[in-house]
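Inspection log for the structure reproduced underneath, given as structure tokens.
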Amino acid sequence: MVVQPEPMPLRSGDPPHLAGLNPEQRAAVEATDGPLLVLAGAGTGKTRVLTARLAHLLVTGRVRPGQVLAVTFTNKAAREMVERVEQLIGRSCAGLWLGTFHAIGVRILRRHAELLGLKSNFTILDTDDQLRLLRQVIQAADLDERRWAPRVLLAIIQRWKDRGWRPDRVPDSEVGDFALGRTVELYRAYQQRLTTLNACDFGDLLLHGLTLFTEHEDLLEDYRRRFRAILVDEYQDTNIAQYLWLRLLARDHRNITCVGDDDQSIYSWRGAEVGNILRFEQDFPGATIIRLERNYRSTGHILGAASGLIARNRARHGKTLWTEGEEGEPVRIAGLWDDQEEARFVGEEIEAWQRAGGALGETAVLVRAGFQTRAFEERFIQMGLPYRVIGGPRFYERQEIRDAIAYLRLVYQPDDDLAFERIVNLPRRGIGEASLRLLRATARAAGTSLTAAARGLCQTDELATRTRNALAAFLTTLDRWRGRFGELEPRAFLELVLEESGYTEMWQNDRSAEAPGRLENLKELVQAIEEFDSIPAFLEHVALVMENGTDSGADMVNVMTLHGAKGLEFDCVFLAGWEEGLFPHQRALDEGGGSALEEERRLAYVGMTRARRKLTISFAANRRIYNQWSSSVPSRFIEELPAAHVEHLHRHPAARPDYEPDFDGAPFAPRIARFRSRRAELGKVIEGRAELLASRPPVAPGRFKIGDRIFHDKFGYGRVETVEGNKLGIAFEKAGHKKVIDSFVEPA
């Protein structure tokens, strides 16, 4: 049942929690018992409504604090909600069950730990402890941990726990070829070890809760009677385990209020399931749905452009944001020659914004992939424009970049002990902490560097034979690289080091969610070093860049990924790199097809709705990705923006003589025409499925098998390594290992 409330003017004498609410917000706050879904668009006052509804339930006496379960996604949000509610009602909320899913899960679990074979003082393991335990499990199963990395196994187990699967509930279809198909066995052994250690990981805090509720009906009934009202924030970000947990608790009284926005569901890679919010009416028949569409953040043009874009998605409830505020400036779209000019353009625009009175702290540059930040960081440093990277370290502070630079430092300066310690066992070479302690002691006693001490120890018997051989091989490799130091160009030399050291291969074999981003950053580093005449010049540049530290309290431009920007807002926003293959991201499309395209579009919507007053979208005609220049075409999302809300900029002539300054003409029009022609040749599967090549015959189920040689338009020739339904794991000759939809390949 969709509610369209009549206008409700503010009445004198309204209690504080109802003051200032618009009609839709007030309807959500005052809704009667029963299932309620509040579809709260970006900037429509979602948090205020949830807080006011909780206050209303308490003020009207419908529930007492101890009868309310309120779930948020961060501890900070929980603290702020308690403070705000207590201000609104003028008394304490002591007894309220309010917190994150995990915080409430651990509270319940400590009360009933003995039912699961645990003690109430169980330990919650962090990631390092989990990896250490999984390493023991892999070794106990007589498997090679170098081939079957603990981090990959951890990601698999976390995904299963997010879906509410205990070891005995994992479907056969979900068991891939990792660990020779023994993942469920390893999962079971891991859970047994956790119980022995009286420990849990974060996934257990909900998984064990599901076990308690499904295997102990009396316990579930007790909590159903206890929680007479359930409120959930950010419902679009819940995973399957959280969804099942909530549904069990709300099944009888059905007094559940969920607030969220299906158009802002962008975390499927973390386990979030947009289907949870889309099927709310099916789970709770007769549910009331209230849409909050009045936006208090952005101008009319920004909202019009964002709403027009997201309307292309099929998997959504549907709503249109509007504002009574000013129309503002149209969304600006800037086409640049390359990514360097894009960074230059954004820097100049930010300076102009600042001269006009805009604050740097109210300015954000949002990118799809982490590697894109480097061009902006270096440009801002050259301009003296202060910036901060939010949600992660600056480019040269990232782990994989520091590791690669440490290799260069050690080749260039053999006495660099800090670099030596960082990479002597990275990738793992069997040189452990005990060996490093001996190296340090030897170096201190002789007054030499670790490199010199290592050379000496390789000639004695202090180290175990295996360690001594590994250390000697490492030193020999360093010497060989030094012999080529002056022969190769910086880029070629760095590529040689990353390849021969096994460092790139280490991340290629890592199946964690972070690995693809780390590989992209390494490729961006290879591109960065090509701008320098020598390795020493590059190392000096990095040192100077790193010296430009950040002052968290200063007025600075904010640089971050689109995923990291959710929940934030800025007066002036730049959305960079809107090109096909980068945004929407090709890897996401290859792995997720049509559903991934819709999530990419939701990510674009989230980025656009971060802007209050000024929004600029940019793309480059040429971009350096994976160490190669490639011609780019504008993202399909640019085509999907309503023309009435956008303005195409006319750029000044670039340094290149063949650059055409008029955006509406060359060099983009012919390329866009070719792109549209190519897309017209691709048959589109209806209902959001992946695009299929119309010119090729359909691929019969099971046509491809392990070992088949295939061809892919983007990645070239390769050989099939795994087959999972319609997804193929392929080792490409040049592009490395990729997972693609079988419809995108043909027999070679």
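The values are calculated or read from the model by the stated rules, or taken from the named source; none is laboratory data. On a predicted model such as this, the values are computed, not experimentally measured, just so you know. Here the Cβ positions follow ideal geometry from the backbone for every residue, glycine too, while neighbour counts run over all protein chains shown. Note: accessible area is taken over every heavy atom of the protein model, side chains too, but ligands, DNA and RNA are not part of it. Shrake-Rupley method; radii C 1.70, N 1.55, O 1.52, S 1.80 Å.
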Partner lysines for residue 76 [C-alpha distance under 30 Å; skip if fewer than 8 residues away on the same chain]: 46, 119, 161, 319, 566, 614
For segment 324-339, just list the computed ³J(HN,Hα) in residue order, Karplus coefficients 6.51, -1.76 and 1.60, θ = phi - 60°, integers in Hz, with x standing in for Gly and Pro. 8, x, 6, 5, x, 7, x, 5, 8, 10, 10, x, 10, 5, 8, 5
Using a 1.4 angstrom probe on heavy atoms only, work out the carbon and sulfur share of the accessible area of segment 294-358 in %. 41
Gap in Å between the Cα centre of segment 392-414 and the Cα centre of segment 598-642? 30
Cut-off under 5 Å, modelled amide H: who pairs with residue 633 long-range: 580
Whole-Å distance linking the alpha carbon centroid of segment 575-593 with that of segment 128-206 is 31
So if I take the centroid of the Cα atoms in segment 453-483 and the same for segment 520-543, what is the distance between those two points in Å? 28
Give the long-range amide H neighbours of residue 647: residues separated by 5 or more places, or on another chain, with amide H under 5 Å away, using H modelled in the peptide plane at 1.01 Å from N. 331, 332, 333
Using the Karplus curve 6.51 cos²θ - 1.76 cosθ + 1.60 with θ = phi - 60°, work out ³J(HN,Hα) for each residue of segment 604-611 in order, rounded to whole Hz, and write x for Gly and Pro. 5, 4, 4, x, 5, 7, 6, 8
Apply the Karplus parameterisation 6.51 cos²θ - 1.76 cosθ + 1.60, with θ equal to phi minus 60°, to every residue of segment 491-507 and state each ³J(HN,Hα) to the nearest whole Hz, in sequence, with x for glycine and proline. 5, 4, 5, 4, 4, 4, 5, 5, 6, 6, 6, x, 5, 5, 4, 4, 6
Tell me which lysines have Cα within less than 20 Å of residue 727's Cα, excluding those fewer than 8 residues away on the same chain? 684, 705, 714, 738, 739
Placing +1 on each Lys and Arg Cβ and -1 on each Asp and Glu Cβ in the chain, then taking the dipole about the Cα centre, the residue among 310, 300, 259 whose Cα reaches farthest towards the positive end is 259
Would you mind working out the accessible area per residue for the chain, using a 1.4 Å probe, and quoting it in Å²? 44
Name the residues whose placed amide hydrogens come within less than 5 Å of the amide hydrogen of residue 621, ignoring near sequence neighbours (fewer than 5 apart) on the same chain. 336, 337, 338
Mean separation of Cα pairs under 8 Å and 6+ residues apart, divided by the residue count of the chain: what relative contact order is that in percent? 14
